[in-house]
Amino acid sequence: MAKINKIFSNILRLLAVAATVVAIVFMVTSHDSAQVLNLTFTAKYSYTPAFKFFVVGEAIAGGYTVISILLSFKTLFWRIIVFLDMVATVLLASSISAALAIAQVGKKGSAHAGWLPVCGQVPHFCDRVTVALLAGFAAAVIYFVILLCSLYAVL
Amino acid sequence: MALQNEDKLEVGYSSLQPKPKKWVLLMLRLLAFFATAAATVVMGLNKETKTLVVATVGTTLIKATLTAKFQHTPAFVFFVIANGLASIHNLVMIMGDSFGQKLDYKGLRLAMIAILDMMTVALISGGASAAAFMAELGKNGNSHARWNSICDKYKTFCDHGGGALIASFAGLILMLIISVMSIIKLLIKPKPDSTIVVP
């Protein structure tokens, strides 16, 4: 049972690494520019601190997952893995929440604050960011299942 | 014979260990409950109204009333809901620790508490980070997207929001410690099949 749990957990970790890599790649390569009334309107992920935090958070979680996969071949489940998995889950949840909050404002705008939505002018940017956010959300959900597997392994 | 007595003494000592931890855990849960409840209430009642004179027609002044409410921003709504759920969770856990010591479900009580604590930590962290970045956007604006900052116009709204955020981050740190302690309680639970062999 422990072996099946370990194999299942490692498969999930590989999926999580893939999801974080997709999220990072699509977020970093998302840039678009448009000409609006003689003004050049560029959109890059680095213009928003929330998206930068998203990329950093996913990178840290992805790196930790790779390390945990490599280390799981050496020894059985340590008890410390539960705590580190919890930290990674919290980090992923935090990253995706922040990025989603700002992306929602970018897509719908905020009538009360006088902020216009930007997705109409830079659709390519918005599409790529959407894919990145979907991958980030999938990574967070997968990581929660990984956390439950680790908890079950040390119960 | 002396060895068995020593082992029996060890078992007795380890069953006394969780008692000081129980008080610490209860106090931490109480503090976390107050922090998240404060964050919920302060952000939930966050509202500021400004009246501007828009035009003058003859002698009458036409006024426009602008409000800033937390409901206008989905991130703040999520913040209020997440902190509300977290304070309810802490309240239920405090009640369960104080009055419902015997409640158990197939021996999974500690595991359920640990899992629920972890879910609450993830929830609070999501709510706090979304609201924090939204507040940063409101304070600094975004020059690339032509979004102006709103904090210079609605100073009280921003101040109260900042206070709620600080309370929520304090609650997050406390919940993180509580969650770690719950998992530790789960891990050091004495297993029933590893008893001392008494010939």
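Data table
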item	result
Residue pairs meeting the criteria (Cβ under 7 Å; at least 6 apart or on separate chains; first in a loop (DSSP other than H, G, I, E, B), in region B:121-141; second modelled with pLDDT under 95)	B:GLY141/B:TRP147; B:GLY141/B:ASN148; B:GLY141/B:SER149
Test: residue in region B:114-126 that is within 14 Å of another protein chain (Cβ to nearest Cβ), buried (at least 21 other Cβ atoms within 10 Å of the Cβ), over 19 Å from B:ARG29 (Cβ atoms) and touching a helix residue (DSSP H, G or I) at 6+ places or on another chain (Cβ under 8 Å)	yes
Selection status of A:LEU155, assigned to a loop (DSSP other than H, G, I, E, B), under 18 Å from A:PHE8 (Cα atoms) and of a type outside the set (Gly, Ala, Ser)	yes
Selected residue (criterion: nearest to the other protein chains (Cβ to nearest Cβ)) from residues of region B:142-156 that are part of a loop (DSSP other than H, G, I, E, B) and basic (Lys, Arg)	B:ARG146
Verdict on B:GLY161 being in contact (Cβ under 8 Å) with a residue 24 or more places away in the chain and farther than 30 Å from A:LEU148 by Cα	yes
Flag if B:LEU91 is within 13 Å of chain A (Cβ to nearest Cβ) and either surrounded by 15 or more Cβ atoms within 10 Å (Cβ to Cβ) or in contact (Cβ under 8 Å) with a residue 40 or more places away in the chain (or both)	no
Single residue of region B:94-112 satisfying the filter (in a helix (DSSP H, G or I) and more than 13 Å from chain A (Cβ to nearest Cβ)) that is farthest from B:ASP152 (Cα to Cα)	B:PHE99
Test: residue in region B:99-116 that is at pLDDT 90 or above and not aliphatic (A, V, I, L, M)	no
Scan of region A:111-137 for residues that are small (Gly, Ala, Ser) and either more than 7 Å from every other protein chain (Cβ to nearest Cβ) or over 30 Å from B:THR67 (Cα atoms) (or both), ordered by number	A:ALA111, A:GLY120, A:ALA132, A:ALA135, A:GLY136
Count - residues of region A:123-150 that are surrounded by fewer than 20 Cβ atoms within 10 Å (Cβ to Cβ) and either in contact with a Gly (Cβ under 6 Å, 6 or more places away or on another chain) or of a type in the set (Val, Ile, Thr) (or both)	4
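So that you can scan it fast, the table gives a plain yes or no per residue for (1) surrounded by fewer than 15 Cβ atoms within 10 Å (Cβ to Cβ); (2) of a type in the set (A, V, I, L, M, F, W, C); (3) touching a residue at least 60 places away in the same chain (Cβ under 8 Å):
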| residue | (1), (2), (3) |
| --- | --- |
| A:ILE96 | no, yes, no |
| A:ALA101 | no, yes, no |
| A:GLY109 | no, no, no |
| A:ALA113 | no, yes, no |
| A:GLN121 | no, no, yes |
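The values are calculated or read from the model by the stated rules, or taken from the named source; none is laboratory data. The model shown is predicted, which means the values in this text are computed figures rather than measured ones. Methodologically, a virtual Cβ is constructed for each residue, glycine included, from the backbone with ideal geometry; neighbour enumeration extends over all protein chains shown.
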